[in-house]
Amino acid sequence: MRILIIEDEKKIADFIKRGIKEEGYAADVAFDGGEGYFLATTNEYDLIILDLMLPKIDGISLCRRLRAEKVATPIIMLTAKDKTEDKVRGLDSGAEDYITKPFAFEELLARVRAQLRKGTPATTRLQVGDLTLELLTHQVRRSGQDIDLTSKEFAFLEYLMRNAGCVVTRSMISEHVWDIHFDTSTNLIDVYMNHLRRKIEQPGKSRLLHTIHGRGYLIKE
């Protein structure tokens, strides 16, 4: 899952990005409405967290502009304005949710999860062969045995399982699991794939994780 944070206060943006990444999501940041518009229209995101008071293009105008251009990515507005009319304006401009500053990060995270669930199939479980991944509890099992994954390993496996049977390229993985600043020349993706193999592949069990040389990776029975 990849989230775009459009927030001009650097401390708040960094705080949100750090918390989002600790949950296993990829996160990009824009510090003004112009940059936010560019990123939102040139990249694929699962969610946008949008501040109302922004330089260049304010949050309301940016939200309306994105909706006018058929960008359907869910938007959570984040602002210090807490008057009812401000909330109504935000929601009427096309936002799905609205949260006011100051806020508890746990509340923001709960709202993020709620919006992401709306954009995913009703099932909360992914399964490939005897490997299961629970989206809500982050529990991974193979043949009934628990597998302990880090948040980034979980995000990587989730992306593979959502695309089960299809080859995903390194650029697709870096885009959806890491962020725009990810250095695709590093071997980090290979390192994480090796971690997943060590934890998931079991003696006597069918192989699930496959490398398609020159193309990318694939998960299938």
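Annotations for the structure displayed:
- Kirkwood hydrodynamic radius of the range 37-87, Cα pairs, Å: 11.5 Å
- Residue by residue, the range 185-194 carries 3J(HN,Hα) couplings of 7, 7, 9, 4, 4, 4, 4, 5, 5, 5 Hz when phi is fed to the Karplus relation 6.51 cos²θ - 1.76 cosθ + 1.60 (θ = phi - 60°); x denotes Gly or Pro.
- Put a dot 7 Å past the Cα of Thr211, heading toward its Cβ, do the same for Phe103, and the two dots end up 4.2 nm apart.
- Order of Ser185, Ser206 under a 10 Å beta carbon neighbour criterion, fewest first: Ser185, Ser206
- Cβ charges +1 (Lys, Arg) and -1 (Asp, Glu), total dipole of the chain, debye: 620 debye
- Ellipsoid semi-axes for the chain, based on the Cα gyration tensor and the rule √(5λ), read 35, 18, 15 Å when sorted largest first.
- When the chain is described by a simple charge dipole with +1 on each Lys and Arg Cβ and -1 on each Asp and Glu Cβ, the residue from Thr132, Thr41, Tyr192 located farthest towards its positive end is Thr132.
- Each Lys and Arg Cβ is given +1 and each Asp and Glu Cβ -1; about its Cα centre, the range 2-118 then shows a dipole of about 180 debye.
- Dimensionless Rg ratio for the range 2-118, taking C-alpha atoms and the 2.2 N^0.38 Å reference: 0.94
- With contacts taken as Cα pairs under 8 Å and at least 6 residues apart, the range 140-210 reaches a relative contact order of 29 percent.
- For the chain: relative contact order, % (alpha-carbon pairs under 8 angstrom, 6 or more apart): 17 percent
- Backbone amide hydrogens, once placed in the peptide plane, bring Ile5 within less than 5 Å of Asp28, Val29, Ala30, Ile49, excluding anything fewer than 5 places away on its chain.
- Counting only alpha carbon atoms, the long axis of helix 105-118 and the longest principal axis of the chain meet at about 70°.
- Full-extension gain in nm, Thr42 to Val191, via 0.36 nm per residue minus C-alpha separation: 50.8 nm
- Cα centroids of the range 144-221 and the range 31-55: 28 Å apart.
- Over all distinct Cα-Cα pairs of the range 125-219, the Kirkwood formula returns a hydrodynamic radius of 13.6 Å.
- Counting only DSSP beta bridges with both residues in the range 33-166, the antiparallel share comes to about 55 percent.
Every number in this text was worked out from the coordinates using simple rules, so none of it is lab data. As the structure is a prediction and not an experimental result, all values here were calculated from the model. Heads up, the Cβs are rebuilt from the backbone with ideal geometry, glycines too, and the neighbour counts pull from every protein chain shown.
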